[in-house]
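Peer 1: Here's a structure for you.
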Amino acid sequence: MAVTKKAEGVGKEKKKGGFRETVLLLVMGVGIALLLQAFVVGSFYIPSVSMENTLLVNDRVFVNKLAGKPERGDIIVFKGWNGEDTIKRVIGVGGDKVVCCDSKKRITVNGTPLEEKSYLYPGDFPSGDKFDVTVPAGKLWLMGDHRSASADSRAHQEEPGAGFIAEDAVVGKAVVRYWPLSRGYLFSRPDTFDKVK
């Protein structure tokens, strides 16, 4: 009888230990996930049509927060002109001269025309508005892929900051569209930006 009670006591202790271990692992898992979300990878949903057809309303993307300095052609999430998380494509970086448009209605960066058909919304022009800007050091010139429906750098030129966004405002670089699963896609920089000097 005494042996049975002892065995019962050991069994209860093992159950308690197993429960504590499970709770501890669960708390650690949540903690690690929160740290990753805060400092490494973020998930963002698309609220507007400004990046169609690359990104549709309610698409979801993972953003690498440790991707380093944004480059021309990258799709980035940043604290936008209204202070909200915003997603656009980098067209010009510090020192670039970005002009719309050349004789073939193409945007040029440092005199090199961009061939943007691979990502522009079908039927859209590169820009309906003419502009000629030189991007200050540490700033970015950003545009949506659905140019006729995007309130991007062009729409904020008359405001303080002249439409440019500071590199410090960048949250991260979009690396993959993961939702809906049927439209899963790994992003890469369009080749046209490789020609810009």
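The values are calculated or read from the model by the stated rules, or taken from the named source; none is laboratory data. Just so we're clear, the structure is a prediction, and the values are computed from it rather than from any experiment. Please note: Cβ atoms are built from the backbone with ideal geometry, for glycine as well, and neighbour counts cover all protein chains shown. Note: accessible area is taken over every heavy atom of the protein model, side chains too, but ligands, DNA and RNA are not part of it. Shrake-Rupley method; radii C 1.70, N 1.55, O 1.52, S 1.80 Å.
Peer 1: Restricting the first residue to the stretch 42-66 and requiring it to be free of Cβ contacts under 8 Å to residues at least 12 places away in the same chain and farther than 17 Å from L120 by Cβ, which pairs with a second residue that is surrounded by 18 or more Cβ atoms within 10 Å (Cβ to Cβ) and of a type in the set (A, V, I, L, M, F, W, C) meet a Cβ separation below 7 Å and a spacing of at least six or different chains?
Peer 2: That search, which allows pairs on different chains as well, returns V57/I46.
Peer 1: Could you grab me the full set of residues in the stretch 47-73 that are surrounded by 17 or more Cβ atoms within 10 Å (Cβ to Cβ), of a type in the set (D, E) and closer than 14 Å to M143 by Cα?
Peer 2: E52
Peer 1: With the checklist (1) over 20 Å from S50 (Cα atoms); (2) at pLDDT below 95; (3) under 21 Å from the mean Cα position of the chain (by Cα) in hand, flag the one item W81 doesn't pass.
Peer 2: Going through the list (1) over 20 Å from S50 (Cα atoms); (2) at pLDDT below 95; (3) under 21 Å from the mean Cα position of the chain (by Cα), W81 breaks only (1).
Peer 1: On the given criteria, is E115 farther than 18 Å from A155 by Cα and touching a Ser or Thr at 6+ places or on another chain (Cβ under 8 Å)?
Peer 2: Answer is yes for this residue.
Peer 1: Tell me which of these R189 doesn't satisfy, since it passes every other one: (1) within 24 Å of K69 (Cβ to Cβ); (2) at pLDDT 95 or above.
Peer 2: Failed condition: (2).
Peer 1: Please count how many residues of the stretch 163-187 are surrounded by fewer than 10 Cβ atoms within 10 Å (Cβ to Cβ) and not hydrophobic (A, V, I, L, M, F, W, C).
Peer 2: Narrowing the stretch 163-187 to residues surrounded by fewer than 10 Cβ atoms within 10 Å (Cβ to Cβ): 168, 181-182, 186.
Subset that is not hydrophobic (A, V, I, L, M, F, W, C): 168, 182.
Residues that pass the stated criteria total 2.
Peer 1: Separate question: Residues to consider are K197, K105, K117, K130; find the one that is in contact with a Phe, Trp or Tyr (Cβ under 7 Å, 6 or more places away or on another chain), open to solvent by 50 Å² or more (accessible area, probe 1.4 Å), over 24 Å from N82 (Cβ atoms) and among the basic types (K, R).
Peer 2: After applying the criteria, what remains is K105.
Peer 1: Among the numbered criteria (1) in contact (Cβ under 8 Å) with a residue 12 or more places away in the chain; (2) within 15 Å of D152 (Cα to Cα), which single criterion is violated by P70?
Peer 2: For P70, the failing item is (2).
Here is a yes/no grid of residues against (1) open to solvent by 60 Å² or more (accessible area, probe 1.4 Å); (2) in contact with a Leu (Cβ under 8 Å, 6 or more places away or on another chain); (3) at negative phi:
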site	(1), (2), (3)
G92	no, yes, yes
V98	no, no, yes
V109	no, no, yes
G123	yes, no, no
P126	no, yes, yes
K139	yes, no, yes
L142	no, no, yes
R147	no, yes, yes
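Peer 1: Residues that are farther than 22 Å from K195 by Cα, at least 1 per element: which strands (runs of 3 or more DSSP E) completely within the stretch 55-144 meet that?
Peer 2: Numbers: elements: 60-64, 75-79, 85-93, 97-100, 131-134, 139-143.
So the answer is 60-64, 75-79, 85-93.
Peer 1: Here is a further query. Among the numbered criteria (1) open to solvent by less than 20 Å² (accessible area, probe 1.4 Å); (2) assigned to a loop (DSSP other than H, G, I, E, B), which one does P160 miss?
Peer 2: Going through the list (1) open to solvent by less than 20 Å² (accessible area, probe 1.4 Å); (2) assigned to a loop (DSSP other than H, G, I, E, B), P160 breaks only (1).
Peer 1: How many residues are in contact (Cβ under 8 Å) with a residue 60 or more places away in the chain and in a helix (DSSP H, G or I) if we restrict to the stretch 172-190?
Peer 2: Final tally of qualifying residues: 1.
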